[in-house]
Each structure stands twice: as structure tokens, then as C-alpha cells.
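Below is one structure, written out as C-alpha cells, with a few remarks after it.
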Amino acid sequence: DMPAEDALAAIVRRSLEHMLANDPAALAGDAEGVHQMRVALRRLRATLGLFKTLIPDAQRAQATAEMKWLADALGAARNWDIFAVLAAPVQQALPEDGDLAALLRAVEEKRRAAYAAMREVMTSARYTDMVLRLMEWVEMRGWRQQQVSETSVLLLSPVGDLADGLVEKRYRKARKLAKRFAALDAAGRHELRIALKKLRYGADSFEPMYPAKAAARMAKRVSGLQGDLGLLNDVTTAQELMGDLPAATEAGEDLRRGATIMQGWLARMVAENERRLSREVARFLEAKPFWKRSKKRRGDVEPIAAGE
């Protein structure tokens, strides 16, 4: 029964708290702190998308642009962190390989440079201003600064009357892509991964309104498929990052063989992941959505047929 604008404020406030709680760790060079800040930013951007019909376009565009600016800085550091994670088992398997060691030293140099650039962004006045503006926007209900319309009045409507449709919209997009999974190219799989993220964040935001077990079952299937698609994205990113590395270090060591070893390892990971993906897609398509409730009794679950 909470007004939709109160739900919006609560979700944005919690995401901001999540981001700021990890700010010190990210500045200290902690990889998990950077990761959690990026997760919080993605949730913030997904929330603005979820409620976009209720938020003035100019406000949403400005906030999204600022969040993207921060996300890009965090993303560069995170990408090199991911490379290091993917390379760790290769290093363990070949601890004496000099070319691989040279590659990883070059990766660490890039990682340090990305962290330095990230710290400049996070200690800037622009970052502080972005956070303060978002806090003010939430606490002052800045979205009320718009003309009264059929959509704006929904800000005062019970969020329970809107949640089903908002989550359903994201579910239908993800399901449409998943049903064509066998024909999807790399760009299509990336689009599916993003659609799943938006579905997961939307469902998480409204989860307290629905039966816990049903929500948990769907979340498990979405996160499983999202995770495997995320690994493919990580591998693609690592392959692209290797193109940014020099062919040799200043000491003269050739990095080409180290890169070749890494490429071979990544190819094996992709092959193993590919076998799991089809199963994860099938599990997602078989999952029963939990968000359609009876109009007579809020809280009751009205299952959706598999083909709906």
C-alpha cells in the first residue's frame, strides 16, 4: 500500500547507501569495494529505468549521465580486476612460465593506472556533487516538479498496483530473447544478459510484496543464467584488454606467447561454459513468474502459463 514515490525513494536511498558504504574500500584499492559500488550504480540506473514513466525525462537523463560517468571510471578498474581473476588459475598451473609472468606484470601496471584514474574521479568535486544532488532529489521528492498528468498521479498510487506490470515488462523482454537463444550472436547474448539484470533488479526491489519461496526460485534461475552469460562477457572483455597491452615489456620480454597461453585458457573456459548455458536457458524458461497476483486479494499468486 506504500505510495509509489515512497517506494522509489526507499529503493534509491538504499542503493546510495550501498554505494557509499563501499566507497572507502574502493579508494583503498579493494577489488570487492569497486565491484559493489558498480552493483549499486547498476541498481540505481535500473531503478530510474523501472520508474521512468513517473520521473521527468530531463531529471532521469541528467542523473543517468552522471552515474554513467562514475560507472565508466569504476568499470575500467573492475575490468583489470576481472582479468587478474581469470588469469589466477593459469598462473597456478604454469608458475614457472616467464612469458605468462611478463603478461601478468603488464596487466598489473594497467590495473594500477586504472585505479589511479578511478581515485581521481572519486575524489573530485563532481563525484561529491553527484551524490549530494541525488540525496537532495530523493529527500525533496524532486520528481514532483512536473505537470500533473495521468502518469504523474501514479506517484501517489499504491506501489502494489504498479509492481506486477513493471516486473512483467522486463520479464517479457528477457523471455523473448531467451526463447531465441540458439540464434543469438554475441551482441544478442549481451542484450539478454542486460535484460536479465534489469529483471533481477526489478524483482529484487519489489520482492517483499511477494511469496518468498517463489521469488527465491525465480531469482536462483535468473542469477544462474546471468552468471554464465556474465562469464562470457568477462572473457570477451579480457580478450579486448589483451589488445591494449604492449607486444613486449621495457625489459624486452615478449608478451605474445603469454597472451597466446591466456587465449587458449579462455577458449577452454568458453567451451565449458557453453555446455551449461543451454541448460540454464531452459531452466529460466521453465520458471513460473511469481508477480501476477489476484486483483481481489493482493498477495495471492496467480501463476502464468509457460507460453504466456
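Helix 212-242 versus the longest principal axis of the chain: what angle, 0 to 90°, nearest 10, using Cα atoms? That helix lies at roughly 30 degrees to the long axis. This model, with +1 at the C-beta of Lys and Arg and -1 at the C-beta of Asp and Glu, gives the chain a dipole about its Cα centre of some 1640 debye. Treating r as the C-beta distance of Arg279 and Met2 and R0 as 45 Å, the FRET efficiency rounds to 0.70. Helix 31-50 and the long axis of the chain differ in direction by around 30°, with both axes built from C-alpha atoms.
Report the one residue of Ala114, Met135, Val222 whose Cα lies farthest in the direction of the positive end of the charge dipole of the range 114-224 (charges on C-beta: Lys and Arg +1, Asp and Glu -1; origin at the Cα centre). It is Val222. Against the chain, whose longest principal axis comes from its Cα atoms, helix 57-93 is set at around 40 degrees. Using only side-chain charges placed at the Cβ, +1 for Lys and Arg and -1 for Asp and Glu, the dipole size of the range 117-248 relative to its Cα centre rounds to 640 debye. Between the range 192-231 and the range 31-78, how many Å separate their Cα centres? Going from one Cα centre to the other spans 18 Å. A DSSP coil position with no more than 10 other Cβ atoms inside 10 Å describes the following GluC sites (Glu not before Pro) in the range 88-127: Glu96. Once a ≥ b ≥ c are taken as the square roots of the eigenvalues of the Cα gyration tensor of the range 147-211, is the result rounded (a/c under 1.5), prolate (a/b larger than b/c) or oblate (a/b not larger than b/c)? Verdict is prolate for the range 147-211. A simple charge model with +1 on the Cβ of Lys and Arg, -1 on the Cβ of Asp and Glu and nothing else charged puts the dipole of the range 1-140 at about 280 debye relative to its Cα centre. In percent, rounded to a whole number, the relative contact order of the chain is 22, using alpha-carbon pairs under 8 Å and six or more apart. For the chain, the per residue solvent-accessible surface stands at 52 Å², with DNA, RNA and ligands left out and a 1.4 Å probe. The portion of the accessible surface of the chain made up by carbon and sulfur, rounded to a whole percent, is 53 (1.4 Å probe; DNA, RNA and ligands excluded).
Here the average projected area of the convex hull drawn through the C-alpha atoms of the chain stands at 18.0 nm².
Between Lys179 and Arg119, the distance separating the two model label sites (each 7 Å from Cα on the Cα→Cβ line) works out to 5.2 nm. Applying both filters, DSSP loop and at most 10 other Cβ atoms within 10 Å, to the GluC sites (Glu not before Pro) of the range 125-167 gives Glu150.
With semi-axes defined as the square roots of five times the eigenvalues of the C-alpha gyration tensor, the equivalent ellipsoid of the range 185-240 measures 26, 10, 8 Å, largest first.
The values are calculated or read from the model by the stated rules, or taken from the named source; none is laboratory data. A quick note: this is a predicted structure, and the numbers were derived from the prediction, not measured. Here Cβ is always computed from backbone atoms with ideal geometry, including for glycine, and neighbour counts include all displayed protein chains. To get the accessible areas, we keep the full protein, side chains included, count just its heavy atoms, and leave off ligands, DNA and RNA. Shrake-Rupley method; radii C 1.70, N 1.55, O 1.52, S 1.80 Å.
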